[in-house]
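Trainee: Supplied in structure tokens, the structure appears directly below.
Quick note: the coordinates plus some simple rules give every number you see, no bench work behind them. Nothing here was measured: the structure is a model prediction, and the numbers come from that model. Every residue, glycine among them, receives a Cβ derived from its backbone with ideal geometry; neighbour counts consider all protein chains shown.
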Amino acid sequence: MVMSSVALMALFVLPALAQEDTEVDQVKSMLEGIPEIVAPQAEQAQKKQAVNPEGMALDAYFRACRKVVHARFKMPKKILRTSPSVEVFFLVSVDLEGNILGVTAPKRSGFRAWDAAALDALNKVGRLPVPPQGWSVADDKVLIPFNRHSR
């Protein structure tokens, strides 16, 4: 009985093992037949690294933008007398030519007249100085505060 079970096992198991070996060999030969894909070197050389504007260039640019906008700001004196710490901030999106694309106010003053006067100054300017080299239209914005020092 033991002999018959060993014989049956040899009949069924050995061909299955042999078939697995041939399948493994077939898969290996298929994988070896796939050519290796290499990225072209010319494209990598053509891509330019983004130029980050220098910190000092950005500081000077932000000061120039504030100066242009603050020159048009008509400060509501009555609000300034009652609340000397009044302040509103605007984030201004600018294109590569200095055109104002959008304005958001992350912090408002709490006084409609103050916020309106600040926004009016931005609208009167319409265009800021040309940003420095490396300016990203999508990512970079100019922060312009309006407070008692905005003259």
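Trainee: Got a sec? Which of Leu119, Leu128, Leu143, Leu101 is touching a Cys at 6+ places or on another chain (Cβ under 6 Å) and of a type outside the set (S, T, N, Q)?
Mentor: Values: Leu119 fails: touching a Cys at 6+ places or on another chain (Cβ under 6 Å); Leu143 fails: touching a Cys at 6+ places or on another chain (Cβ under 6 Å); Leu101 fails: touching a Cys at 6+ places or on another chain (Cβ under 6 Å).
Result of the check over Leu119, Leu128, Leu143, Leu101: Leu128.
Trainee: Let me ask another. Of the numbered conditions (1) surrounded by 18 or more Cβ atoms within 10 Å (Cβ to Cβ); (2) of a type in the set (A, V, I, L, M, F, W, C); (3) over 20 Å from Ala57 (Cα atoms), Val142 satisfies every one except a single condition; which is it?
Mentor: (3)
Trainee: So which residues in region 133-151 are more than 18 Å from the chain's Cα centre (by Cα), part of a loop (DSSP other than H, G, I, E, B) and in contact (Cβ under 8 Å) with a residue 60 or more places away in the chain? Working first, answer last.
Mentor: Within region 133-151, the first condition is being more than 18 Å from the chain's Cα centre (by Cα), and the residues that meet it are 144-151.
Next, only the ones that are part of a loop (DSSP other than H, G, I, E, B) stay: 147-151.
Asn147, Arg148, Ser150, Arg151, listed by residue number.
Trainee: Would you mind telling me which numbered condition in (1) outside any loop (DSSP other than H, G, I, E, B); (2) closer than 26 Å to Pro76 by Cβ; (3) touching a residue at least 24 places away in the same chain (Cβ under 8 Å) Leu101 fails?
Mentor: All conditions are met except number (2).
Trainee: Evaluate region 66-87: report whether one residue or more is surrounded by 13 or more Cβ atoms within 10 Å (Cβ to Cβ), among the basic types (Lys, Arg) and either within 19 Å of the chain's Cα centre (by Cα) or part of a helix (DSSP H, G or I) (or both).
Mentor: yes
Trainee: Out of region 105-124, which residues are outside any helix (DSSP H, G or I) and free of Cβ contacts under 8 Å to residues at least 24 places away in the same chain? Reasoning before the result, please.
Mentor: So the first thing to find is which residues in region 105-124 are outside any helix (DSSP H, G or I), and the list is 105-111.
Listed by number, the residues that qualify are Ala105, Pro106, Lys107, Arg108.
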